[in-house]
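S.K.: The structure is given below, and queries will be raised subsequently.
The values are calculated or read from the model by the stated rules, or taken from the named source; none is laboratory data. Computed from a predicted model, the values in this text were never measured in an experiment. As a convention, Cβ positions derive from the backbone with ideal geometry for all residues, glycine included, and neighbour counts pool all protein chains shown. We work out accessible area using only protein heavy atoms, side chains counted, and drop any ligands, DNA or RNA first. Shrake-Rupley method; radii C 1.70, N 1.55, O 1.52, S 1.80 Å.
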Amino acid sequence: MVIPEKVKGIFKKFHENNAEIYIVGGGVRDLMLGREVKDWDFTTNLTPDEMKKIFPKNSFCNNAFGTFSVVEKNGEIFEITTFRTENGYSDNRHPDEVKWGKNLEEDLERRDFTINAMAVDANGKIIDLYQGQVDLKNKLIRTVGEANERFREDALRLMRAIRIAGQIGFEIESKTMESIKNNAKLINNIAGERIRDELFKILLSENSVRGIELLRDSGLLNEIIPELLEGVDMVQKGHHIDDVWTHNLKTLENCNSKNPVTRLAALLHDVGKPRSMVGEGENRTFHNHEIIGSRIALKIGKRLRLSNQELDQLFRLTRWHMFTVQETQTDKAVRRFIRNVTPEYIDEMIALRRGDRLGSGSKETSWRWELFKERIIEVQKQPFAVKDLKVKGEDVMEILNIKPGPKVGEVLNAIFKEVEEDPKLNEREILLEKIKNFK
């Protein structure tokens, strides 16, 4: 196994101080799979205080469980944890007691899955106590030891199993999957932001749809986003060839955005259809489903502890995804669409709409769609808001001899309405004359 030079430097520092150190966790797994290692994690017999003597600068330890971090010159962080044992998990998330371990074997015993419970020394030798290499070869996710115990220790492992399976294209071993199903409700003991982080990783993975399907099969989706399941087997009419559930998955699959909130919006964009449904079978209608769906999406986003900005993005993308694309649309209508979505999210909305089109069985684009995208660009070159006028509030106050107040805004808004209808009016001399009309 080839160890990068930057990692060898860490090994060398520890060996110079007669200490043990090993690469552990997902980094070992990714090394063996030939994948890029994004996070290098190590374990050692040294305590944080002892490590601080080796790395007096560019290091820190602010973790209650003893994780020591070394910051490289390029900003990369290597996390090094003292051998440890853990006991009691009354909250299904954190150990009630953490003690320094005596050896590597004790440390590996507490880890989640066999493919994450291997270690590598400075010479590239693999220490594998739980047949992790066999499971790597067979592409299986299996817990270390008894599955129920591992998941009750840390219920976030329920989602982590799904996420890893989706990221690297593995299957979940049958007894492990059975245990996930039996313990699915434990996920409710996990903070929303932890669930969000795992969900975002699933949504951004190459196998995102498979990840969502595994969440459904395992019972976890029913605990974290039950609203999505209301669309299962709900037949649609017209150009839709799938039920609502399948269409949502296909929209996610075809959404080419790398923004996790946009990908969540793609998954949720039609979540309001079941609750807006009128009629039966192919005669069903879903009027105003985007309004109902945006409210549901906002509720889901709050459960997942999205930031206010992320909630705003999720709401706008689900609320306004049903925009029309016609060559007869006025510039004013296009500007109204941009205001609703906001210029910041236009590209994300285009990515969602692309996924929606392909997910409906339509072509990726059309001449009307391409024309609309061109008009979005052109319209934004025109005065788009009051701030784009070539006069300011100071001009209004000077000409009308008034102090700051509501009247200033009223005048600017009235002028902007005229400019919106005829952008050629946005010339300073013309607008100064118009202000005089308000005397």
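S.K.: Between segment 392-407 and segment 184-202, what is the C-alpha centre distance in whole Å?
M.R.: 53 Å
S.K.: About the Cα centre of segment 148-221, what is the dipole size in debye to 20, counting +1 per Lys and Arg Cβ and -1 per Asp and Glu Cβ, all else neutral?
M.R.: 140 debye
S.K.: Given a Förster distance of 30 Å, report the FRET efficiency between GLU193 and VAL278 from their Cβ-Cβ distance, rounded to the nearest 0.05.
M.R.: 0.20
S.K.: Quick one: how many Å² of MET322 are accessible to a 1.4 Å probe, rounded to 10?
M.R.: 100 Å²
S.K.: Go ahead and set up a Gaussian network model of the chain, Cα springs under 10 Å, then flag whichever of ASP388, ASP128, ASP270 fluctuates most.
M.R.: Residue with maximal mean-square fluctuation among ASP388, ASP128, ASP270: ASP388.
S.K.: Same structure again: Taking 0.36 nm per residue of sequence separation and subtracting the Cα-Cα distance, how much length would be gained by fully extending the chain between LYS302 and SER174, in nm to one decimal?
M.R.: Gain in length upon complete extension: 42.7 nm.
S.K.: Shifting gears a bit: Rounding to the nearest 20 debye, state how big the charge dipole of the chain is about its Cα centre with +1 on each Lys and Arg Cβ and -1 on each Asp and Glu Cβ.
M.R.: 960 debye
S.K.: Same structure, new question: In whole Hz, what ³J(HN,Hα) sequence does segment 340-355 give by Karplus (6.51, -1.76, 1.60; θ = phi - 60°), x for Gly and Pro?
M.R.: Those phi angles translate into 5, 7, 6, x, 4, 10, 4, 4, 5, 5, 4, 5, 5, 5, 4, x Hz.
S.K.: For the chain, with a Gaussian network of springs between Cα atoms less than 10 Å apart, report the residue from PRO406, PRO48, PRO423 with the top mean-square fluctuation.
M.R.: For the chain, modelled as a Gaussian network with Cα springs under 10 Å, the answer is PRO406.
S.K.: Specify which labelled value, from [x] 20; [y] 48; [z] 42, agrees with percent of Cα pairs over 38 Å apart derived from the coordinates of the model shown.
M.R.: [z]
S.K.: Calculate how steeply helix 289-303 sits against the longest principal axis of the alpha-carbon atoms of the chain, using the helix alpha-carbon long axis, and give the answer as 0 to 90 degrees to the nearest 10.
M.R.: On a 0 to 90 degree scale, this one is about 40.
S.K.: May I pose another question? Using 7 Å Cα-to-Cβ label points, what is the GLU105/GLU433 separation (nm, one decimal)?
M.R.: 9.4 nm
S.K.: While we're on this one: With every protein chain present, what is the per residue accessible area of segment 171-228 (1.4 Å probe, Å²)?
M.R.: Here the residues of segment 171-228 average 43 Å² of exposed surface.
S.K.: How large is ³J(HN,Hα) for each residue in segment 74-82, as worked out from phi by the Karplus curve 6.51 cos²θ - 1.76 cosθ + 1.60 (θ = phi - 60°), to whole Hz, x for Gly and Pro?
M.R.: 3J(HN,Hα) across segment 74-82, in whole Hz: 7, x, 5, 10, 9, 9, 10, 10, 5.
S.K.: Compute a Gaussian network model of the chain, connecting alpha carbons closer than 10 Å, and tell me which residue from ILE224, ILE376, ILE172 fluctuates the most.
M.R.: The residue with the greatest mean-square fluctuation here is ILE376.
S.K.: Order TRP320, TRP245 by their accessible area, 1.4 angstrom probe, all chains in place, largest first.
M.R.: Details: TRP320 75, TRP245 10 Å².
Sorted descending by solvent-accessible area, the residues read TRP320, TRP245.
S.K.: What percent do you get for the relative contact order of the chain when only Cα pairs under 8 Å and 6+ apart count?
M.R.: For the chain, the relative contact order is 9 percent.
S.K.: Once you keep just the Cα pairs under 8 angstrom separated by 6 or more residues, what percentage relative contact order results for segment 153-218?
M.R.: 49 percent
S.K.: So what's the angle, to the nearest 10 degrees on a 0 to 90 scale, between helix 367-379 and the longest Cα principal axis of the chain?
M.R.: 80 degrees
S.K.: Using θ = phi - 60° and the Karplus curve 6.51 cos²θ - 1.76 cosθ + 1.60, what whole-Hz ³J(HN,Hα) does each residue of segment 168-177 get, with Gly and Pro shown as x?
M.R.: For segment 168-177, the Karplus curve yields 10, x, 9, 9, 9, 3, 4, 5, 5, 5 Hz.
S.K.: Which far-off residues, 5 or more places away or on another chain, put their amide H under 5 Å from the one on PHE68, with H placed in the peptide plane?
M.R.: Distant-sequence amide H within range of PHE68: ILE80, THR81, THR82.
S.K.: In terms of modelled amide H atoms, which long-range or inter-chain residues lie less than 5 Å from the amide H of ILE172?
M.R.: Long-range HN contacts for ILE172: ILE141.
S.K.: Here is a further query. Counting only protein heavy atoms and using a 1.4 Å probe, what share of the accessible area of the chain belongs to carbon plus sulfur, as a whole percent?
M.R.: C and S atoms contribute 46 percent here.
S.K.: Considering Cα pairs under 8 angstrom that are at least six residues apart, work out the relative contact order of segment 295-439 and quote it in whole percent.
M.R.: Relative contact order, segment 295-439: 19 percent.
S.K.: ALA122 versus LEU229, label points 7 Å from Cα toward the beta carbon: distance in nm?
M.R.: Once both label points are built, they end up 5.3 nm from each other.
S.K.: Given R₀ = 25 Å, what would the calculated FRET efficiency be for GLU149 paired with LYS53, taking r from the Cβ atoms and rounding to 0.05? Please list the in-between numbers first.
M.R.: Values: r = 37 Å, r/R0 = 1.48.
Rounded to the nearest 0.05, the efficiency is 0.10.
S.K.: Can you give the Kirkwood hydrodynamic radius of segment 278-371 from its Cα pairs, in Å with one decimal?
M.R.: 14.8 Å
S.K.: Would you kindly find the accessible area of GLU105, with a 1.4 Å probe and non-protein molecules such as ligands, DNA and RNA excluded, rounding to the nearest 10 Å²?
M.R.: It works out to around 90 Å².
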